[in-house]
1. Mind checking the alpha-carbon convex hull of the chain and giving the volume per residue in Å³?
2. Divide by every residue of the chain the summed helix terms, -39500 (n - 2.57) for each DSSP H run of at least 4, and state the resulting mean residue ellipticity at 222 nm, rounded to the nearest 500 deg cm²/dmol.
3. With a 10 Å radius around each residue's Cβ, average the other Cβ atoms per peptide and rank 13-19, 27-33, 57-63, highest first.
4. According to a simple spin-label model (label point 7 Å from Cα along Cα-to-Cβ), what is the distance in nm between residue 46 and residue 82?
5. Could you let me know the centre-to-centre spacing of region 1-66 and region 75-98, using Cα atoms, in angstrom?
6. Taking only complete DSSP H runs, can you tell me which helices of the chain stretch 27 Å or more along their own long axis by Cα positions and average at least -0.5 on the Kyte-Doolittle scale?
7. Return the carbon/sulfur percentage of the accessible area of region 1-145, one whole number, probe 1.4 Å, all protein chains in place.
8. Quickly rank 85-98, 104-117 as a protection proxy: mean count of other C-beta atoms within 10 Å, highest first.
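The values are calculated or read from the model by the stated rules, or taken from the named source; none is laboratory data. Worth saying up front: this structure is predicted, and the values here are computed from it rather than measured. Glycine also receives a Cβ, built like all others from the backbone with ideal geometry; neighbour counts cover every protein chain displayed. Just the protein is used for accessible areas: all its heavy atoms, side chains included, with ligands, DNA and RNA removed. Shrake-Rupley method; radii C 1.70, N 1.55, O 1.52, S 1.80 Å.
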Amino acid sequence: HLLTLLPAPGDVTEELIRMKSIDQAGRDFYAMIDLTVLPGAERDAAFDAIWNEINRRDLENQNRLKELMPENGWFTISEYGLEGALSAFLIVQHALNDPALQNRALAAMEPLVGSDEIDGRAYALLYDRLAMGSGRYQRYGSQMICQDNRWVLYPLEDSDGVDDRRREANFDLSLSENMARFADRPPCPGDYDGPLPE
């Protein structure tokens, strides 16, 4: 594991932040690459190669996070700091291979919604991702899917109230403002049917 090359972390918060750095490094690299310049088979092979490595590192992070998770709760801001709590959330958000871990985290976060102990956006993002993974409509309009080589909004359960829910969850952008951000994203592979990989 790349984290073993560093001195031992001072505490759990520092370890979570290191894990987040590993989580984000591959995704940042992917975001800088325009795979559309490659022919179809090469583009798909490059996409698979990048994501195989990201997924390998994600699995290492997930296994360690399970060891660190509080037995009866979540990584609260008061105990782990905002960066530590958000680092744990990112690892869970990317655990598409482990819905049991995602559901465990969502259940632990739910009693803290509306408090200062979690970031409301983290709960909303995880809620939407789990809804999408189980074929339900998303609630907060946070999840995009690949369609015709473009990132498009995954269906909503209630489009009229989505901006109100986004404000309650402390999203900075309205749904339309958030969707506009994706206009500059590199096109997605035509045969990719998962969520926005970030």
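1. 123 Å³
2. Helix-only estimate at 222 nm: -17500 deg cm²/dmol.
3. 13-19, 57-63, 27-33
4. Going by the 7 Å Cα→Cβ label model, 3.7 nm.
5. 16 Å
6. Numbers: long enough: 12-31 (28 Å, -0.42); 40-68 (41 Å, -1.20).
What comes out of the filter, once short or polar helices are dropped, is 12-31.
7. It is 55 percent, rounded to a whole number.
8. Working: 85-98: 21.4, 104-117: 15.6.
For the peptides 85-98, 104-117, the packing ranking is 85-98, 104-117.
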